[in-house]
Amino acid sequence: MTKTTGTGIGRRDLLKVTSAAALISAVKMAFPSGAFAQSAGPEVKGVKLGYIALTDAAPLLIAKEKGIFDKYGLTEVEVIKQASWGATRDNLVLGGAANGIDGAHILTPMPYLISTGKVTQNNVPVPMSILARLNLDSQGISVAQEYAQTGVQLDASKLKEAFAAKKAKGGEVKVAMTFPGGTHDLWLRYWLAAGGIDPDKDVSTIVVPPPQMVANMKVGNMDAFCVGEPWNEQLVNQGIGFTACTTGEIWKKHPEKALGLRTDWVEKNPNAAKALLMAVMEAQIWADGMDHKDEMSTILGKRQWFNVPPKDVAGRLKGNINYGNGRVVENTGLEMKFWKDQASYPFKSHDAWFITENIRWGKFAPDTDIKSLVDKVNREDLWRAAAKDLGVAAADIPTSTSRGKETFFDGKVFDPENPKAYLDSLKIKAVA
């Protein structure tokens with residue numbers, strides 16, 4: 001077993017996820033004469049970063065716990081728990097200098113919604129930049145135990161009759177997500193609509209912060225929810241509900257959270273932004289080591305971070321899924337990916353899908369210039385520069401800003417070169 005200290009990446013870990021060239025660079029960087037030390041140091045020693053208690057915040061928490069930020073000259077980084085995505089937004093609008101935060105572990109669509117003023121007070125735009133993706137896959141759609149007899153899994157249509165029956169008796173069908181227009185909102189809507197359930201007409205959509213999902217379902221406040229881990233696994237471990245599907249089953253290797261920062265902070269501190277990126281990328285490489293998952297689950301479970309039993313984190317982190325409805329599947333390939341499969345690189349084509357889906361549901365106008373908006377917010381160029389300094393092998397750096405066409409579980413295809421064709425192919429949507 002490779003032992004990894006707070007000073008960097010173990011040899012075996014790097015060999016697992018990248019090439020020998022990267023290994024040589026990483027070893028050099030363990031010393032003051034490393035690649036980053038040769039360039040200008042960061043303009044500031046600290047940055048205030050927000051996070052929500054979700055497993056995909058791991059790169060920030062691991063970088064803090066293992067001293068990786070310190071290694072890149074960022075010795076005063078604060079990683080601050082946020083109560084909700086609404087609080088994350090409000091603190092980003094304030095900014096670190098005004099007792100808010102400079103950046104965050106964030107739902108990928110949020111920097112676009114904040115930059116355009118769609119979700120800010122008085123619709124005032126606050127320019128944001130996406131510097132990296134934090135992970136792929138491993139969110140879940142969970143359903144209350146009372147619907148177990150429907151046999152619902154990936155096909156949401158099995159809930160249609162049960163939902164209609166509840167409404168006919170005067171009940172309200174509530175489905176929860178974490179932020180309007182955010183990833184969980186979009187996964188839930190996609191799943192329901194693919195099953196013929198209109199998320200705007202057939203159910204009531206409510207907003208619940210991730211750590212409060214399980215408690216709310218326990219007292220009957222919702223019929224279904226979409227959230228990241230460890231909350232779906234905790235729900236199953238407590239016997240309150242079951243997972244109908246994971247989001248990786250809806251769209252395999254889908255993008256999820258991002259590292260988002262205020263654009264003014266990035267522009268004022270370009271070297272610090274690069275140092276931050278390098279630290280987060282190193283933490284992502286460590287987090288992808290399968291032999292680190294138990295240690296990682298223990299770290300994340302700590303009172304100061306998530307305050308949950310490590311077992312609530314561990315299973316799905318490894319790709320072992322107990323759905324809670326009699327299905328237990330090992331080695332699914334649906335584990336959260338932090339580095340492999342180019343998880344860290346922020347493909348512009350993926351951001352284009354999120355904006356297109358938010359056009360679908362009325363968050364953005366139909367005539368939104370998707371490409372222009374993505375080019376403004378997505379700073380994949382900064383990721384590439386950091387990857388080069390980190391010594392990431394050329395083979396591990398995408399040659400294009402697009403991953404190409406993406407196919408969903410229901411056969412729908414998103415071509416980033418033609419978002420309108422994708423929108424036109426969808427039957428249930430808010431736009432005409």
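The values are calculated or read from the model by the stated rules, or taken from the named source; none is laboratory data. Source: prediction; values computed, not measured. Don't worry about glycine lacking a Cβ; one is built from the backbone with ideal geometry, like all the others, and counts go over all protein chains shown. Calculation scope for accessible area: heavy atoms of the full protein, side chains included, ligands and nucleic acids excluded. Shrake-Rupley method; radii C 1.70, N 1.55, O 1.52, S 1.80 Å.
A compact table of results
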| item | result |
| --- | --- |
| Test: residue in segment 138-160 that is basic (Lys, Arg) and either over 22 Å from Trp361 (Cβ atoms) or in contact with an Asp or Glu (Cβ under 6 Å, 6 or more places away or on another chain) (or both) | yes |
| Odd one out for Glu357, checked against (1) touching a residue at least 60 places away in the same chain (Cβ under 8 Å); (2) touching a helix residue (DSSP H, G or I) at 6+ places or on another chain (Cβ under 9 Å); (3) surrounded by fewer than 18 Cβ atoms within 10 Å (Cβ to Cβ) | (3) |
| Meets criteria (out of contact with any His (no Cβ under 7 Å at 6 or more places or on another chain) and among the polar types (S, T, N, Q)) for Thr178 | no |
| Any hit, segment 216-224, residues being of a type in the set (Val, Ile, Thr), at pLDDT 95 or above and more than 19 Å from Gln149 (Cβ to Cβ) | yes |
| Hits in segment 403-432 (condition: open to solvent by less than 40 Å² (accessible area, probe 1.4 Å), assigned to a loop (DSSP other than H, G, I, E, B) and within 20 Å of Glu249 (Cβ to Cβ)) | Phe408, Leu426, Ile428 |
| Among (1) open to solvent by 50 Å² or more (accessible area, probe 1.4 Å); (2) out of contact with any strand residue (DSSP E or B) (no Cβ under 8 Å at 6 or more places or on another chain), the one test that Asp396 misses | (1) |
| Residue in segment 200-215 that is in contact (Cβ under 8 Å) with a residue 40 or more places away in the chain, in contact with a strand residue (DSSP E or B) (Cβ under 7 Å, 6 or more places away or on another chain) and part of a loop (DSSP other than H, G, I, E, B) present | yes |
| Condition check for Asn271: at pLDDT 95 or above, outside any helix (DSSP H, G or I) and more than 21 Å from the chain's Cα centre (by Cα) | no |
| Exclusive hit being farther than 23 Å from Ala393 by Cβ, open to solvent by less than 40 Å² (accessible area, probe 1.4 Å), assigned to a loop (DSSP other than H, G, I, E, B) and modelled with pLDDT of 95 or more, set Gly315, Gly319, Gly326 | Gly319 |
| Some residue of segment 289-308 being in contact with a strand residue (DSSP E or B) (Cβ under 9 Å, 6 or more places away or on another chain), open to solvent by less than 50 Å² (accessible area, probe 1.4 Å) and in a helix (DSSP H, G or I) | no |
| Lys371 vs. criteria open to solvent by 20 Å² or more (accessible area, probe 1.4 Å), free of Cβ contacts under 8 Å to residues at least 60 places away in the same chain, outside any loop (DSSP other than H, G, I, E, B) and over 20 Å from Thr183 (Cβ atoms) | yes |
| Criterion (over 30 Å from Gly333 (Cα atoms) and aliphatic (A, V, I, L, M)) met by exactly one of Ile130, Ile101, Ile106 | Ile101 |
| Helices (runs of 4 or more DSSP H) lying entirely in segment 43-144 (those with 3 or more residues that are open to solvent by less than 30 Å² (accessible area, probe 1.4 Å)) | 58-65, 85-94, 110-115 |
| Scan of segment 329-340 for residues that are open to solvent by 10 Å² or more (accessible area, probe 1.4 Å) and of a type in the set (D, E, K, R), ordered by number | Glu330, Glu335, Lys340 |
| Tabulated pairs, segment 244-260, first farther than 15 Å from Ser142 by Cβ, second among the acidic types (Asp, Glu), C-beta under 6 angstrom, 6+ apart or interchain | Lys253/Asp341; Glu256/Asp56; Lys257/Asp56 |
| Whichever residue in segment 176-232 is of a type in the set (A, V, I, L, M) and surrounded by fewer than 19 Cβ atoms within 10 Å (Cβ to Cβ) and, among such residues, is farthest from Glu335 (Cα to Cα) | Val219 |
| Residue within segment 153-170 that is within 21 Å of Tyr323 (Cβ to Cβ), buried (at least 24 other Cβ atoms within 10 Å of the Cβ) and among the polar types (S, T, N, Q) present | no |
